[in-house]
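Presented below is the structure to which this report refers.
The values are calculated or read from the model by the stated rules, or taken from the named source; none is laboratory data. Please read these numbers as outputs of a predicted model, since none were measured by experiment. When we count neighbours, we look across all protein chains shown, and the Cβ atoms used for this are built from the backbone with ideal geometry, even at glycine. Protein only, heavy atoms only, side chains kept; ligands, DNA and RNA dropped before computing areas. Shrake-Rupley method; radii C 1.70, N 1.55, O 1.52, S 1.80 Å.
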Amino acid sequence: MSDDVAPAAETTGEPMPEREQPKTAPRPRRLWPGYLLIAIYWAVALGTGLFDLPISTSFMTTAGVGALVILLFTIWWLTNGTIRGRDRLAVFAALVVGAVACVAVSQKTLTTGGVLVFGLPWAFTAWIVGAAITRRLSSTAFRWGNIAAISLVWIYLSLVRMDGLSGDLKADIHWRWEPTAEEKYLARRSQSDDRPTQSDVSAAAESPGEVTAEPGDWTAFRGPLRSGEVRGLEIATDWAKSPPVLIWRQPIGPGWSSMLIVGGRVFTQEQVDDKESVLCLDAQTGKRLWEHTDKTRFWDSQSGAGPRSTPEFVDGLLYTQGATGVLNCLDAATGQVKWSRDIAKDTGAPLPFWGFSSSPLVVENVVVTFAGGKDNHGLVAYSIDDGSPAWHVATGPISYSSAQPIELGGQAQALFMSDAGLLAVDPASGEALWQFAADGHGVWRATQPAALGNDQVLFGSEDLGTICLDVQRDGEGWKAAKQWASKALKPAYNDFVLYDGCAFGFDGGIFCAIDIKTGKRRWKGGRYGHGQVLLLTDQGLLLVTAESGEAVLLRAMPEKHEELARIQAIEGKTWNHPAIAQGCLYVRNDQEMACYRLPRP
């Protein structure tokens, strides 16, 4: 045996130990793409509020970016090789199962869309937070930590309800077992002695025809001229020294109707459980005198329940329209029905997403309203005598605006804005006189146009901004040409007023003024949310009701934004148009209503 040959190992009968293999460290979980995607979503969601974008733009931008982020996040998670495959699938399955379960048990105000649109971004945010916290833990802890974080979001959403959205699309969230404002109102109403009794109604019926309009009354939507103007009134502007005096304040059922004040009475609309109610109150005390009800109810997740339109008073009669399309002619003294129509059945119109909102216009012995129905039944008119159909004309299928009476070139016209553009008709015959095409591609339009002198029209919407038209006779017909268009004032559902060469109104949630000759902005200031405005013409004052329920007094001046005074008039989201009559300010929202005596100089 050679020396370089190793001797054989000695056999001991025991197995030789296996060579120990070095352990491979697990790959670190890569989460930074998830952090980035969620950061992008919240930067966009919060940024749209900072830049005061139009409501539709803000919603579409946030929803679009949210959908893209969720898609990319899902792809990244399911293909992330730094996380075990079964963990990826288990966490994703928990998201899907949780969403389905949440939709099944959530309170109806959230709806499937609400759970997905509002819930998914929070679920994905909780997901990435859970992943960050458990990033360095074991696979089991990581998997269950993510599932727990996501589940907390679905559990929370199943325990809450959404009482609508603000004008900036912020959800009003409450625990689902808390009574709603409407439930509280119904409970108070059932115990109240203020409801009209049968004897009250009988007493009112014995004195028909007693309601007549007086100078200084508020007889229609946005006032006697439907222009938001208050004439023949001067008030003190130092409210620190002489504040408005509260005359009465009381709860009211949900609804976004404004108010009429005629002959010492207030007329408005509300929802009372499963009935729409036209309500008559004493203007000085708030005492309820009579109510007319129709067994119908409308509700949407953003605005809640109740009627949207404002009645109109003409010659002792009250013309009202509910959110499901019930058009009534009532005796203003008693509430007794003269005639009634269902415009949805008459025209084959679908129920609008936010309900029928057009405030009836009485002109040339007809009452005009918007239906959006089939076979050219867009704008429709009924005889004021018996409610028989008078005429109908084609419009776009979507609108939350109302017919506006004006006079151009010596001819009475009714203007109407829909998603097809602006239309002018002869109110006596329904003949289309002229139109300005402006396709909104399904975007809603809700504001009122206005005449500028005898040959111009100003109108606007969120998508169009503000447009000024020159309207001239053209032989036997008419022609309308755009003089200017501006994005300096983009009214959503907040009407503007005209004074001293300017249009004053809301551009998103900020008040502003634009020059009516050029469309250029003169100033922008005052964050009053999505409120409404009236013009006190004799003094050049603006009375703004903020979305927060404040009443704010401004100087109507082209040079700058000047706030003079403010009070907290009512509480809660306030979208309803205010009214001023006989020296009193009337304000309401979907929960309460109040009357203030304005101070005299």
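Under the rule of at least 5 residues apart or a separate chain, name every residue whose amide H is placed under 5 Å from the amide H of ASP342. For ASP342, the qualifying residues are LEU327. Of the two radii for the stretch 346-431, the radius of gyration is 0.94 times the Kirkwood radius, both from the alpha carbons; that is the Rg over Rh value. Using the Cα gyration tensor of the stretch 34-160, with a ≥ b ≥ c the square roots of its eigenvalues, what is the shape: rounded (a/c below 1.5), prolate (a/b larger than b/c) or oblate (neither)? It is oblate, given that a/c is not under 1.5 and a/b is not larger than b/c. Using a probe radius of 1.4 angstrom, the carbon and sulfur fraction of the accessible surface of the chain is 56%.
Overall size of the stretch 367-488 from C-alpha positions, given as principal axis extents largest first: 44, 33, 20 Å. Taking amide H positions as modeled 1.01 Å from N, with prolines and chain starts lacking one, the residues under 5 Å from ALA492 and 5 or more places away or on another chain are GLY508. Run the reach check for LYS345 against lysines, Cα to Cα strictly under 25 Å, same-chain hits fewer than 8 apart removed. What comes back? Within the straight-line cut-off, LYS345 pairs with LYS275, LYS295, LYS374.
Expressed in Å, the radius of gyration and Dmax of the Cα atoms of the stretch 47-94 are 15.6, 44.
Computed from backbone phi with θ = phi - 60° and the Karplus coefficients 6.51, -1.76 and 1.60, the 3J(HN,Hα) list for the stretch 234-250 is 10, 10, 6, 9, 8, 7, 5, 8, 10, x, x, 9, 5, 8, 7, 8, 7 Hz; x is used for glycine and proline. One decimal place: the segment LEU72-ASP282 gains 69.6 nm when fully extended, by the rule 0.36 nm per residue minus the C-alpha distance. Relative to the longest principal axis of the Cα atoms of the chain, the long axis of helix 85-105 makes an angle of roughly 30 degrees.
In sequence order, the stretch 70-79 has phi-based couplings of 5, 4, 5, 4, 4, 4, 4, 5, 5, 10 Hz under the Karplus curve 6.51 cos²θ - 1.76 cosθ + 1.60, θ = phi - 60°, and Gly or Pro positions carry x.
The distance linking the stretch 299-359 with the stretch 538-579 is 28 Å (Cα centroid to Cα centroid, whole angstrom).
How much net charge surrounds ALA412 when only other residues with a Cβ under 13 Å from its Cβ are counted (Lys, Arg +1; Asp, Glu -1)? So the surrounding residues net to -4. Here the 3J(HN,Hα) profile of the stretch 409-426, calculated from phi with Karplus coefficients 6.51, -1.76 and 1.60 at θ = phi - 60°, is x, x, 10, 5, 9, 10, 9, 8, 10, 9, 6, 8, x, 10, 10, 10, 10, 6 Hz, Gly and Pro shown as x.
In whole Å, how far is the Cα centre of the stretch 457-534 from that of the stretch 396-420? Taking the Cα centre of each part, the stretch 457-534 and the stretch 396-420 sit 15 Å apart. With R₀ set to 30 Å, the beta-carbon distance separating ILE173 from MET60 gives a calculated FRET efficiency near 0.85. Sorting the segments 60-71, 326-337, 346-357 by their mean number of nearby beta carbons within 10 angstrom, highest to lowest, gives 326-337, 346-357, 60-71. In whole angstrom, the stretch 107-160 maps to an equivalent ellipsoid with semi-axes of 26, 10, 6, each derived as √(5λ) from the alpha carbon gyration tensor and ordered largest first. Taking 0.36 nm per residue of separation and subtracting the current Cα-Cα distance, fully stretching the chain between ASP375 and GLN336 would add 10.8 nm. Relative to the longest principal axis of the Cα atoms of the chain, the long axis of helix 139-158 makes an angle of roughly 10 degrees.
Binning the alpha carbon pair distances of the chain at 10 angstrom intervals from zero yields the distribution 3, 15, 23, 22, 15, 9, 5, 2, 1, 1, 1, 1, 0, 0, expressed in whole percent. Modelled this way, with points 7 Å down the Cα-to-C-beta line, the labels at ALA485 and VAL245 are 5.2 nm from one another. Once the 1.4 Å probe is applied to the protein heavy atoms, the stretch 28-149 comes out at 50 Å² accessible per residue. Hey, got a sec? Which trypsin sites (Lys or Arg not before Pro) in the stretch 280-323 land in a DSSP loop and have at most 10 other Cβ atoms within 10 Å? Here the trypsin sites (Lys or Arg not before Pro) that fit, given the DSSP loop and packing criteria, are LYS295. Fully extending the segment from TYR35 to SER301, taken as 0.36 nm per residue of separation minus the present Cα-Cα distance, adds 92.6 nm. The angle separating the long axis of helix 32-50 from the principal Cα axis of greatest extent in the chain is about 10 degrees. Just check the stretch 478-570 against the gyration tensor rule for me: Cα atoms, a ≥ b ≥ c as the square roots of the eigenvalues, rounded for a/c under 1.5, and otherwise prolate or oblate depending on whether a/b exceeds b/c. Here the stretch 478-570 falls in the prolate category. The order of HIS561, HIS392 by accessible area, most exposed first and with a 1.4 Å probe, is HIS392, HIS561.
Ranked by the mean number of other Cβ atoms within 10 Å of their residues, highest first, the peptides 544-553, 420-429 come out as 544-553, 420-429.
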